[in-house]
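Chemist: Just dropping this structure here.
The values are calculated or read from the model by the stated rules, or taken from the named source; none is laboratory data. On a predicted model such as this, the values are computed, not experimentally measured, just so you know. No Cβ is skipped: glycine too gets one built from the backbone with ideal geometry, and neighbour counts run over all protein chains shown.
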Amino acid sequence: MSDFAEFRRLVERAWVDRTLLSDGETVGAVRGTIAALDHGAVRAAEWSEGGWRANIWVKEAILLYFALAQMELIEIGPFEFHDKIPLKHGLDRAGVRVVPPGTARYGSFLEPGVILMPGYVNIGARIGAGTLIDTWATVGSCAQVGRNVHVAGGVGIGGVLEPPSASPVVIEDDCFIGSRCVLVEGVVVEEGAVLGANVVVTASTPIIDVTGPVEKVVRGRIPAQSVVVPGSREKRFPAGVYHLPCALVIGRRSEKTDRKTSLEEVLRQFSIPV
């Protein structure tokens with residue numbers, strides 16, 4: 001990241017003073033930052049000081065890039081698009097498989113071995129090696145998905161560009177995200193976690209560990225190696241008692257060298273819908 005100190009200085013100045021977007025050097029810094037994102041040289045968020053933090057200036061560069069880019073007609077075979085941001089190129093050289101009509105936007109980064117089924121990866125997102133993004137799954141702006149992750153069909157991983165200081169959704173290595181899960185508002189899914197189908201987690205969703213005699217509640221973070229299913233808990237309102245959604249930690253994934261074998265055992269042991 002230190003190699004981009006000048007880009008950062010120019011982007012941060014332009015974020016405060018948009019008139020600088022008429023300056024060639026500033027425009028070059030904004031476009032250069034997006035090119036660096038596209039090649040994986042910078043990222044929109046990274047681990048720092050015990051937690052995931054947004055790289056604010058990188059997110060500012062994305063927003064400035066939207067201000068600079070012009071709408072254009074994009075034609076690819078029988079497909080036609082009208083947008084400001086082109087699609088990624090050079091997927092064959094990058095060792096990435098994209099199944100039509102899967103879409104990865106310019107400014108996203110997919111490591112070698114990624115498989116993108118007919119899903120969507122937005123600008124600023126990063127997908128780790130060996131990860132599968134299954135059919136109709138979406139990976140939002142700046143979301144960070146680790147290596148050897150299975151993102152099942154219809155999953156929604158929320159994106160966040162504004163405010164630039166807001167941390168995006170992060171899914172760490174070796175996780176399984178079941179069908180139709182929704183993860184938004186900067187939620188972190190820690191390494192090796194398994195989420196059954198239809199788990200919805202926002203920053204305020206109670207994540208309740210029910211494996212012991214007393215419940216333990218956290219928010220915004222799925223603990224490492226957790227096995228999680230959707231649940232509900234009672235809450236009393238003036239009109240009566242209603243059930244609000246939560247996520248239940250019902251077990252732990254065993255630590256094994258063969259992660260695939262471990263995952264298959266978890267799915268069978270806990271009868272996890274995927």
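Chemist: State whether one or more residues within segment 170-191 are touching a residue at least 60 places away in the same chain (Cβ under 8 Å), assigned to a helix (DSSP H, G or I) and outside the structural domain of residue 60 (by TED's automatic domain parsing).
Modeler: The answer is no; no qualifying residue exists.
Chemist: Have a look at 61, 67, 45 and point out the one that is in contact (Cβ under 8 Å) with a residue 12 or more places away in the chain, surrounded by fewer than 17 Cβ atoms within 10 Å (Cβ to Cβ), of a type outside the set (Phe, Trp, Tyr) and at negative phi.
Modeler: Values: 61 fails: surrounded by fewer than 17 Cβ atoms within 10 Å (Cβ to Cβ); 45 fails: surrounded by fewer than 17 Cβ atoms within 10 Å (Cβ to Cβ).
Within the list 61, 67, 45, the selection yields 67.
Chemist: Can you tell me which of (1) within 24 Å of residue 130 (Cα to Cα); (2) of a type outside the set (Phe, Trp, Tyr); (3) touching a His at 6+ places or on another chain (Cβ under 8 Å) is the one residue 43 doesn't meet?
Modeler: Against the list (1) within 24 Å of residue 130 (Cα to Cα); (2) of a type outside the set (Phe, Trp, Tyr); (3) touching a His at 6+ places or on another chain (Cβ under 8 Å), residue 43 comes up short only on (3).
Chemist: So is residue 203 buried (at least 24 other Cβ atoms within 10 Å of the Cβ), under 17 Å from residue 248 (Cα atoms), modelled with pLDDT of 95 or more and more than 14 Å from the chain's Cα centre (by Cα) or not?
Modeler: no
Chemist: Could you say whether any residue in segment 178-197 is of a type in the set (D, E, K, R) and either modelled with pLDDT under 95 or touching a Lys or Arg at 6+ places or on another chain (Cβ under 6 Å) (or both)?
Modeler: So far as segment 178-197 goes, no, none of its residues is of a type in the set (D, E, K, R) and either modelled with pLDDT under 95 or touching a Lys or Arg at 6+ places or on another chain (Cβ under 6 Å) (or both).
Chemist: Is it true that some residue in segment 44-55 is among the small types (Gly, Ala, Ser), within 23 Å of residue 126 (Cβ to Cβ), within 22 Å of the chain's Cα centre (by Cα) and not in a strand (DSSP E or B)? If you could, list the steps in order and put the result at the bottom.
Modeler: Residues of segment 44-55 among the small types (Gly, Ala, Ser): 44-45, 48, 50-51, 54.
Still in the running and within 23 Å of residue 126 (Cβ to Cβ): 44-45, 48, 50-51, 54.
With the extra rule that they be within 22 Å of the chain's Cα centre (by Cα), the set shrinks to 44-45, 48, 50-51, 54.
Next cut, not in a strand (DSSP E or B) only: 44, 50.
Looking for residues that are among the small types (Gly, Ala, Ser), within 23 Å of residue 126 (Cβ to Cβ), within 22 Å of the chain's Cα centre (by Cα) and not in a strand (DSSP E or B), one finds at least one in segment 44-55, hence yes.
Chemist: Report, ordered by the first and then the second residue, all pairs with beta carbons closer than 6 Å, sequence separation of six or more or different chains, a first member in segment 233-254 that is under 25 Å from residue 221 (Cα atoms), and a second member that is assigned to a strand (DSSP E or B) and of a type in the set (Gly, Ala, Ser).
Modeler: Close Cβ pairs satisfying both conditions: 243/232; 245/232; 246/231; 248/231; 249/226.
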